[in-house]
Amino acid sequence: MKALIAPIGAFLILAGGLGAAGVGTRARLLPGETTLTGAITEAGIPAAFRSVPVMTSYSALVADLKGRSSLRLQSATLRIEGAGPHVISADTLRLVDTRVITNGQDVDLYVRVLVTDQPSAIRSFDVDTPPATPTSSGVNGATGKPGKSGGTVRIHVAERIDGLPSIVLTGGAGGAGEAGKQGATGAKGPKGGDAHDRYGLCRSGPKDGGPGAAGGTGGTGGDGGIGGTGGSVVITFVNQPTQPEALTNFRANGGVGGQAGAGGPGGAGGPGGDGGKGNNICGPSRGHGPVGPTGATGASGKGGATGASGAGRVERQDLPAS
């Protein structure tokens, strides 16, 4: 679905604040407000909202944000992708039944007012795809790759927050360890002794070939990759008292560790040795020896560790008044 963009000219009354549930009550429709709905990428957001505002002073910051007007994401899914920086700046940013998927990227939001009208969320990943399993050159499996970090979300607030979305910046899952490779084939068994005669008498008859050697042990499976570190959120109130409750809906667990690679199968037993040659006096040649036993299965790797949790903080930044 393409994003729909519509300026809103209606004007309602703003009520409510940052409640325990993190959702404001009702936010007014602002004059000239730009509304985006459906599936959105950053490229679908007007350029006026995608640059860092002037922060030489508090008055310059507020004037810059007011000059950009307001942005409303309604029943939308915004995906942050590609190289950064990833910036959204608006006078009022309103999230209505909206998901912002950062894909572990760092994102900066600059707002005079942040409003969450209905439950909305900022998430690191919606589909957690572990990294591809690497390939080793040896018999032992390679260790899985670490999961992606949950990234950092920085919210710069020039005036207030009226309802905060849930912010879930879980780290990505670690990659699976590579399975061990099959062990080496065992060596061929020794050749059986040939017949030996002297003066028309058999001194030693031919012997069967010796058994093949056991196959090599399978390679050890690679350990799973460590889960990605949980993301972090920094909510900065510019020239305003902080709202410590802004972190109520923040969670940033580390990603789960990757699965352990299985041990490789044991190598095939070596072929039996050739039988000894016979002769007319001592009898016919003998047969090959038996195939050696299959090698033991390699040990499995270890599951990856869970990534470290992220952290959040609320701080104040003071700019010159003008």
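The values are calculated or read from the model by the stated rules, or taken from the named source; none is laboratory data. Every value quoted in this text rests on a predicted model; they were computed, and no experiment measured them. Here the Cβ is made from the backbone with ideal geometry for all residues, glycine too, and neighbour counts use every protein chain on show. Ligands, DNA and RNA are excluded from the accessible area calculation, which covers all protein heavy atoms including side chains. Shrake-Rupley method; radii C 1.70, N 1.55, O 1.52, S 1.80 Å.
Heavy atoms of the protein chains alone define the surface here; on that basis the chain has 46 Å² accessible area per residue at 1.4 Å probe size. Residues whose amide H comes within less than 5 Å of that of Gly163, counting only those at least five positions distant or on another chain, are Leu18, Gly19, Gly24, Thr116 (H built at 1.01 Å from N in the peptide plane). Summing Lys and Arg as +1 and Asp and Glu as -1 over all other residues whose Cβ lies under 14 Å from the Cβ of Pro241 gives a net charge of -2. Treating each Cα of segment 65-182 as an identical point scatterer and ignoring solvent, apply the Debye formula and state log10 I(q)/I(0) at q = 0.14, 0.20 Å⁻¹. Log-scaled intensity ratios, in q order: -0.64, -1.04. Counted by Cβ distance under 11 Å from Thr35, the other residues give a net charge of +1, where Lys and Arg count +1 and Asp and Glu count -1. Take every DSSP beta bridge whose two residues both sit in segment 84-225; close to 10 percent of them are antiparallel. The orientation-averaged projected area of the convex hull spanned by the Cα atoms of the chain comes to 23.1 nm².
Note on segment 69-120: Kirkwood radius taken over Cα pairs, Stokes-Einstein applied at 25 °C and 0.890 mPa s, translational D equal to 215 µm² s⁻¹. Just the number, please: Stokes-Einstein D of segment 157-260 in µm²/s, Kirkwood Rh from C-alpha pairs, 20 °C, 1.002 mPa s. Calculated translational D: 104 µm²/s. Scanning residues 5 or more positions from Val153 or on other chains, those with amide H under 5 Å from its amide H are Val107, Ser232, Val233, Val234, with H placed 1.01 Å from N in the peptide plane. Element breakdown for the chain at a 1.4 angstrom probe: carbon and sulfur atoms account for 55% of the accessible area.
Taking amide H as placed 1.01 Å from N in the peptide plane, the amide H of Ser300 sits under 5 Å from that of Gly221, Gly263, each at least 5 places away or on another chain.
First select every other residue whose beta carbon is under 11 angstrom from the beta carbon of Thr143; then total the charges, Lys and Arg +1, Asp and Glu -1. Residues close to Thr143 contribute a combined charge of 0. Only the Cβ atoms of Lys and Arg (+1) and of Asp and Glu (-1) were treated as charged; on that basis the dipole of segment 185-322 about its Cα centre amounts to roughly 680 debye. Lysine pairs in the chain whose alpha-carbon atoms fall under 18 angstrom of each other, counting only those eight or more residues apart or on distinct chains, come to 7. Ranking Ser204, Thr294, Asn253 by Cα position along the charge dipole of the chain, where only Lys, Arg, Asp and Glu carry charges on their C-beta atoms, puts Ser204 farthest toward the positive end. Residue by residue, segment 262-279 carries 3J(HN,Hα) couplings of 6, x, x, x, x, x, 5, x, x, x, x, x, 5, x, x, 7, x, 8 Hz when phi is fed to the Karplus relation 6.51 cos²θ - 1.76 cosθ + 1.60 (θ = phi - 60°); x denotes Gly or Pro. Its Cα gyration tensor gives segment 232-297 an equivalent ellipsoid. The semi-axes, each the square root of 5 times an eigenvalue, are 80, 9, 4 Å from largest down. By DSSP, the beta bridges lying fully in the chain are antiparallel in about 15 percent of cases.
Using the average count of surrounding beta-carbon atoms within 10 Å as a protection proxy, the listed peptides 221-227, 193-199, 236-242 rank, highest first, as 221-227, 236-242, 193-199.
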